[in-house]
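The block underneath contains the structure these notes are about, expressed in structure tokens.
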Amino acid sequence: MVVTQNGQSGGSAATRAVALVGPAGTGKTSLAEALLFASGAINRQGSVEAGNTVGDSSPEARARGGSTELNLLHFDYMGDRFALIDVPGGAGFSADGLAAIQSADMALVVIDPAPERAGLAEPMLRQLDELGVPHAIFINKIEHARAGAIRDLITQLQPMSREPLALRQIPIRAGDGKGGEQVTGYVDLALERAYRYRSGKESERVEIPGEMLVREQQERSHLLETLADFDDALLEALLMDAAPDQAAVMADLAADTAGNKVVPVVLGSALSDGGVHRLLKLLRHEAPAPDAAAARMGLAQGGALHVFKIANGGAMGRLALGRVLGSGLGEGDELFVGGETERTGSLFFVQGERTAKQSAAQLGDVVAVAKVDGARPGQMLGRKDARIGDAALIAYPPRNAATAIITRDRKDDVKLSTALHRLCEEDPALEWIQDEASHETIIKGINEDHLAVVLGRLQRRYGVAVDSHPPRIAYRESIRNGAAVRGRHKKQSGGHGQYGDCVIEIHPLPRGEGFVFEDKITGGAIPRQYIPAVEAGVRDAMERGPLGFQVVDLAVTLIDGSFHAVDSSELAFRIAGRTAMSDALARAAPYLLEPIVKLAADTPAGTGSKVGSVLSARRGQILGLAPHPQWPRWERVEALLPEAALQGLDAELRSLSQGLASFTAKFDHLAEISGKHADEAVKARAAEAH
């Protein structure tokens, strides 16, 4: 909707929310800008290249020339109110808008006209099918479409969609004066009208070119047959070769689109406004009312706020971004958050980087709400009268990238944890941990691009500059042989001395058995109160074995020792135990172990063998290559892979699959590592120690 100078908004009907989704680089932000301009919400159309669009206003998005977080926009068109949710298309950033898509009334899947890139839209089409969100396809950059591309594109796309595609327009081509052709307009198959594009204006109606009449009739017949699958009256008219009622055709299109029975496909060019006004009319007539989204979200009664994102760091402080469903929402209204009641603070409409305070929000509005501190992304916050069931949970992409960070200024250590908490709160695809074994602060994200943007935000928003490096691999070591060693600690420096003496035997255990300590002292050779100290010393030595890593899978037996009535102490026996264990480990043929993960890589059909080759080159053991259990035309490769080989794997797999392949990995077991890989790990550990 349009945010006016006085902070009020126009129109009276419920606001309909439209999500712009699709692959990166297809022009979603440019299309959002074109919709704002065509509707009159802005008086000048910006461009991504110039860095002056309403959306993508963050420094990170400007620097990258692409979306790094979702953008919220509003406009009015012919008395109807719309909220636009521009969802990033990049693999590292698309998760930011997944929850927002869930409560949208309609999604526009923006793609480009190249048939060879059609597969890039499949993950989003699949996601929309799973969520049950009505959607249409907008083929952007139509001026770049080659002859025959649209037919080929539809052929490629149809198997990826659960619903039939309904091609609504076909392009009109004309000579460009340079010996070639360009798309100059389109024929609307439902209206049987032709239009010529006019830059910055509505398209002009023209006669359907004579040479296109045959194709127009063929494509229109296909459209009507698709609609007739859901309308017996239309089917009967087609069987009788009767001209169907035009109003009935348009009503079928609206009903079937809103009911998620068909997926309309329209053409256009965001940069030249080609087809943008026609798209606005499609949204006006065919985007369903918010009631359908409320039902899909499990809201059976009353009013609620579906929170899809938390925003921190702005002038307004912490804001919950969400959609108003069921009924309106006002400042000071009560919402139930996690069983507790919270009163809403100020309400804001968001237009790119700008916010405008509102006294109230009406049904369907997308708003930012202050002071609901308990709200989390994905929650439905109900009013007192609300009855809310369960909605489908959003499946976020796996976090396949990780980096360890350390502050450049140690004084920022306290600020770091607060900053990371806030960044993770607003980005559901980000997490951070304090690794107890390596004592590293590790952040995990979807890919390297994602983490690079997060580190930039960390410094820009919170003033915390960090250095990063790959996380340490949790190598371990064990022993091949047994050994028996005496460890003695004796020190005399005047007064009471220190004396501890123990004899231990060690032997290896099967993989995964951990550590066993057994006491076989007889005859009081070591007093009972000192035996726990010996075990503590043994454990101390196991923290860093001869190769530099924690020791696992062995048993230690305390078999003998001696003590001094005056000089013995817990400290002395702990040192003796550590000395004995260090010597025993060095004699017991230590060897290195590395963590192995079980990996499942999902990739489009025909690329599974390439994925297998990549994994094998990274020392992977292929367990199987088979059709994906849920996704047609996809394959799943399962393998065991060293954890050290995960670094950079996501980028390599995406490079051979048009950016589509992904994987999940989970620790499986420890396995022996030898040769140059073991030598490199030991040398790196020794270098860290110095």
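Miscellaneous remarks
- Matching residues in region 153-182 - criterion: being farther than 22 Å from residue 208 by Cα, in contact with an Asp or Glu (Cβ under 9 Å, 6 or more places away or on another chain) and either assigned by TED's automatic domain parsing to the domain that holds residue 378 or of a type in the set (D, E, K, R) (or both): 162, 163
- Spans of strands (runs of 3 or more DSSP E) in region 191-274 with at least 1 residues without any contact (Cβ under 8 Å) to a residue 60 or more places away in the chain: 193-198, 201-206
- Index of the failed condition, residue 162 passing every other in (1) more than 30 Å from residue 39 (Cα to Cα); (2) part of a strand (DSSP E or B): (2)
- Looking at region 290-356, the strands (runs of 3 or more DSSP E) lying wholly inside it that each contain 2 or more residues that are at pLDDT 90 or above, outside the structural domain of residue 104 (by TED's automatic domain parsing) and buried (at least 20 other Cβ atoms within 10 Å of the Cβ) sit at 304-314, 317-325, 347-351.
- Residue within region 460-474 that is more than 25 Å from residue 93 (Cβ to Cβ), surrounded by 15 or more Cβ atoms within 10 Å (Cβ to Cβ) and without any contact (Cβ under 8 Å) to a residue 60 or more places away in the chain present: no
- Subset of region 560-619 (residues that are of a type in the set (A, V, I, L, M, F, W, C), assigned to a helix (DSSP H, G or I), within 30 Å of residue 634 (Cα to Cα) and touching a Leu at 6+ places or on another chain (Cβ under 9 Å)): 611, 614, 615
- Residue in region 518-538 that is under 30 Å from residue 402 (Cα atoms), hydroxyl-bearing (Ser, Thr, Tyr) and either buried (at least 18 other Cβ atoms within 10 Å of the Cβ) or without any contact (Cβ under 8 Å) to a residue 60 or more places away in the chain (or both) present: no
- In region 372-391, of all residues being out of contact with any Asp or Glu (no Cβ under 7 Å at 6 or more places or on another chain), of a type outside the set (D, E, K, R) and in a loop (DSSP other than H, G, I, E, B), the one that is nearest to residue 318 (Cα to Cα) corresponds to 375.
- Just one of (1) closer than 21 Å to residue 276 by Cβ; (2) surrounded by 14 or more Cβ atoms within 10 Å (Cβ to Cβ); (3) under 41 Å from the mean Cα position of the chain (by Cα) fails for residue 199. It is (2).
- Residue satisfying condition, being within 28 Å of residue 290 (Cβ to Cβ), crowded, with 22+ Cβ neighbours inside 10 Å and out of contact with any Phe, Trp or Tyr (no Cβ under 7 Å at 6 or more places or on another chain), within set 150, 137: 137
- Condition check for residue 510: of a type outside the set (Val, Ile, Thr), exposed (fewer than 13 other Cβ atoms within 10 Å of the Cβ) and under 55 Å from the mean Cα position of the chain (by Cα): yes
- Subset of region 58-85 [farther than 21 Å from residue 365 by Cβ and either surrounded by fewer than 19 Cβ atoms within 10 Å (Cβ to Cβ) or among the basic types (Lys, Arg) (or both)]: 59, 60, 62, 63, 64, 65
- Residues located in region 413-448, provided they are under 25 Å from residue 688 (Cα atoms) and part of a loop (DSSP other than H, G, I, E, B): 435, 436, 437, 438, 439, 440
The values are calculated or read from the model by the stated rules, or taken from the named source; none is laboratory data. Because the structure is predicted, anything quoted here is derived from the model rather than measured. When we count neighbours, we look across all protein chains shown, and the Cβ atoms used for this are built from the backbone with ideal geometry, even at glycine.
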